[in-house]
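Notes follow the structure.
The values are calculated or read from the model by the stated rules, or taken from the named source; none is laboratory data. If you're wondering where the values come from, they're calculated on a predicted model, not measured in any experiment. As a convention, Cβ positions derive from the backbone with ideal geometry for all residues, glycine included, and neighbour counts pool all protein chains shown.
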Amino acid sequence: MNLLVPWGFYGSGNIGDDATLQGFARLVARAQRQFRVWAGSRNPRHSARVEPSFRYFYHPFSDWTRRWANYRTSAVVVAGGTPIMDCHGDWPLDEVVPLIECVHQLGRPIVFVGSGTERLQREESRRIMADRVAPIVRYWTVRSEPDEARLIEYGVPPKRVRVAGDMAWLLEPVSSDWGRQQLHSWGVSTTGRLIGVNLMNEKPVCERHPYLFETVAFFLDSLVENYDISILFLANDVHEIRGFDRSATLQTFAAMKHRDRTFLAPNEYWPPQRMMSLIANCYVTVSMRYHFCLFSALQGVPFIALKRSDKVADLCWDLDWSFGTNLDGLRVEELIALFETLESQRASAVNQLGVRIPVLRERAGRNTVALETLQDC
């Protein structure tokens with residue numbers, strides 16, 4: 001059976017998105033029925049290197065490859081990502097909803113697999129979900145119970161939703177060897193304690209928290225001064241135009257005193273496995289990004305989650321992870337206290353990750369339920 005994955009957010013420099021793509025490939029391989037997948041990508045050649053088991057077409061434009069994929073496929077899948085949110089304004093609903101309606105007009109079923117959701121902030125978005133999305137989508141599998149609750153609140157019938165997990169949980173942990181060699185090539189020592197930091201300069205977040213990066217900078221300086229820590233800034237999104245991660249790194253670095261103990265990794269793309277290998281050499285990580293925290297968990301590296309969004313909070317909830325904080329009223333003292341608690345409980349925290357991750361990996365495999373609803377196509 002041929003599947004079309006038309007929402008082409010892959011291949012745009014976001015390592016977390018590419019991890020989801022790899023996880024989806026592992027999920028498809030587990031399915032009882034054989035599927036051939038055509039997927040949209042912002043950079044088809046890049047996506048083919050990241051995950052060679054699929055065929056790709058360029059998104060969002062319609063070329064002969066996409067037209068051929070449309071002709072050959074009988075069902076449509078929105079795989080991963082966070083398609084239901086409006087914190088960035090109209091996007092991504094302005095892409096996803098017309099896509100859903102077009103598929104419906106063609107008489108093809110559509111399912112969402114391993115989806116994330118956010119609390120919708122506008123009444124218009126809720127109306128769109130209730131009137132134009134909920135009645136059409138055949139089935140949803142979602143990352144977490146809070147995602148399920150939000151979809152039901154937005155009008156999706158409970159019988160059409162099942163809690164599964166993020167498909168990136170299906171990736172295997174990797175060795176720290178490549179990361180150690182790469183760090184040595186950058187002149188970064190791995191003999192001491194290294195804190196991996198991943199931040200992002202997202203406009204809605206920064207508008208609500210204008211001193212976020214200065215606060216984090218003071219926190220990192222305190223770690224250097226009091227705990228003999230070195231700092232490694234990493235980017236999980238290296239898109240040059242968006243520049244979310246690089247901009248946040250530069251602003252934080254500029255506010256720091258101990259720049260001599262801080263290394264800014266080049267703003268270059270690494271496949272998920274190489275980013276995970278770099279993270280494996282860290283003592284602790286600090287991140288605003290969902291998948292960077294997930295990578296840390298997979299590698300057994302404790303992390304401090306800066307909960308910029310529902311999905312980061314949901315991840316902590318799923319892991320029963322207390323080492324995270326909301327950004328409202330964030331203070332340096334709070335971050336230091338979090339680190340000190342994590343430092344004193346590090347062994348039990350690592351053990352907790354070891355207990356929870358097999359559960360989430362098993363749940364991620366449940367995403368095949370959505371594909372099974374396509375058996376009659």
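Taking the stated definitions as given, is Ala168 buried (at least 16 other Cβ atoms within 10 Å of the Cβ), in contact with a Gly (Cβ under 7 Å, 6 or more places away or on another chain) and in a helix (DSSP H, G or I)? If you could, list the steps in order and put the result at the bottom.
Details: buried (at least 16 other Cβ atoms within 10 Å of the Cβ): yes; in contact with a Gly (Cβ under 7 Å, 6 or more places away or on another chain): yes; in a helix (DSSP H, G or I): yes.
In short, yes.
Please go through (1) touching a helix residue (DSSP H, G or I) at 6+ places or on another chain (Cβ under 8 Å); (2) part of a loop (DSSP other than H, G, I, E, B); (3) in contact (Cβ under 8 Å) with a residue 60 or more places away in the chain; (4) not polar (S, T, N, Q) for Trp321 and return the number of the only condition it doesn't satisfy.
(3)
Touching a residue at least 40 places away in the same chain (Cβ under 8 Å) and not in a helix (DSSP H, G or I), is that true of Ser230?
yes
Suppose the filter is within 19 Å of Phe219 (Cα to Cα), part of a helix (DSSP H, G or I) and assigned by TED's automatic domain parsing to the domain that holds Asn281; does Leu335 pass it? Before you say what the answer is, go through the steps one by one.
Working: within 19 Å of Phe219 (Cα to Cα): yes; part of a helix (DSSP H, G or I): yes; assigned by TED's automatic domain parsing to the domain that holds Asn281: yes.
Against the criterion (within 19 Å of Phe219 (Cα to Cα), part of a helix (DSSP H, G or I) and assigned by TED's automatic domain parsing to the domain that holds Asn281), Leu335 qualifies.
Is there a residue in segment 334-346 that is among the charged types (D, E, K, R) and in contact with an Asp or Glu (Cβ under 8 Å, 6 or more places away or on another chain)?
Among the residues of segment 334-346, not one is among the charged types (D, E, K, R) and in contact with an Asp or Glu (Cβ under 8 Å, 6 or more places away or on another chain), which makes the answer no.
So which residues in segment 113-137 are surrounded by 17 or more Cβ atoms within 10 Å (Cβ to Cβ), out of contact with any Gly (no Cβ under 9 Å at 6 or more places or on another chain), within 28 Å of Ala364 (Cβ to Cβ) and not hydroxyl-bearing (Ser, Thr, Tyr), if there are any at all?
Selection gives Glu118, Leu120, Val137.
Looking at Val156, Val197, Val216, Val205, can you tell me which residue is farther than 25 Å from Trp91 by Cα, not in a strand (DSSP E or B) and not hydroxyl-bearing (Ser, Thr, Tyr)?
Numbers: Val156 fails: farther than 25 Å from Trp91 by Cα; Val197 fails: not in a strand (DSSP E or B); Val205 fails: farther than 25 Å from Trp91 by Cα.
Only one candidate qualifies: Val216.
Of all residues in segment 278-298, count the ones that are assigned to a loop (DSSP other than H, G, I, E, B) and touching a Leu at 6+ places or on another chain (Cβ under 9 Å).
Applying the first criterion (assigned to a loop (DSSP other than H, G, I, E, B)) to segment 278-298 yields 280-283, 288-289.
Those left that are additionally touching a Leu at 6+ places or on another chain (Cβ under 9 Å): 281-283, 288-289.
Residues in segment 278-298 being assigned to a loop (DSSP other than H, G, I, E, B) and touching a Leu at 6+ places or on another chain (Cβ under 9 Å): 5 in total.
Just checking, how many residues over segment 192-212 are out of contact with any Asp or Glu (no Cβ under 8 Å at 6 or more places or on another chain) and within 17 Å of Ala265 (Cβ to Cβ)?
Adding up the residues that qualify gives 4.
Can you tell me which residue in segment 230-248 is nearest to Met275 (Cα to Cα), limited to those that are among the β-branched types (Val, Ile, Thr) and surrounded by fewer than 22 Cβ atoms within 10 Å (Cβ to Cβ)? Outline the logic, then answer.
First pass over segment 230-248, keeping only residues among the β-branched types (Val, Ile, Thr): 231, 238, 241.
Narrowing further to those that are surrounded by fewer than 22 Cβ atoms within 10 Å (Cβ to Cβ): 238, 241.
Numbers: Val238: 12, Ile241: 21 Å.
Ranking the candidates gives Val238 first.
Just wondering, is there one or more residues in segment 208-221 that are farther than 20 Å from Lys307 by Cα and either touching a Pro at 6+ places or on another chain (Cβ under 8 Å) or buried (at least 18 other Cβ atoms within 10 Å of the Cβ) (or both)?
If we filter segment 208-221 for residues that are farther than 20 Å from Lys307 by Cα, which is where we start, we get 221.
Now drop any that are not either touching a Pro at 6+ places or on another chain (Cβ under 8 Å) or buried (at least 18 other Cβ atoms within 10 Å of the Cβ) (or both), which leaves 221.
Checked against the condition, which is being farther than 20 Å from Lys307 by Cα and either touching a Pro at 6+ places or on another chain (Cβ under 8 Å) or buried (at least 18 other Cβ atoms within 10 Å of the Cβ) (or both), segment 208-221 yields at least one hit.
Is it true that Leu298 is surrounded by fewer than 22 Cβ atoms within 10 Å (Cβ to Cβ), assigned by TED's automatic domain parsing to the domain that holds Ala217 and not basic (Lys, Arg)? Step through it out loud before you land on a result.
Numbers: surrounded by fewer than 22 Cβ atoms within 10 Å (Cβ to Cβ): no; assigned by TED's automatic domain parsing to the domain that holds Ala217: yes; not basic (Lys, Arg): yes.
No.
Among the numbered conditions (1) part of a helix (DSSP H, G or I); (2) touching a residue at least 12 places away in the same chain (Cβ under 8 Å); (3) farther than 16 Å from His209 by Cβ, tell me where Ala313 comes up short.
With respect to (1) part of a helix (DSSP H, G or I); (2) touching a residue at least 12 places away in the same chain (Cβ under 8 Å); (3) farther than 16 Å from His209 by Cβ, Ala313 is out only on (3).
Have a look at Gly324, Gly300 and point out the one that is more than 14 Å from the chain's Cα centre (by Cα), over 20 Å from Asp177 (Cα atoms) and not basic (Lys, Arg).
Values: Gly300 fails: over 20 Å from Asp177 (Cα atoms).
It is Gly324.
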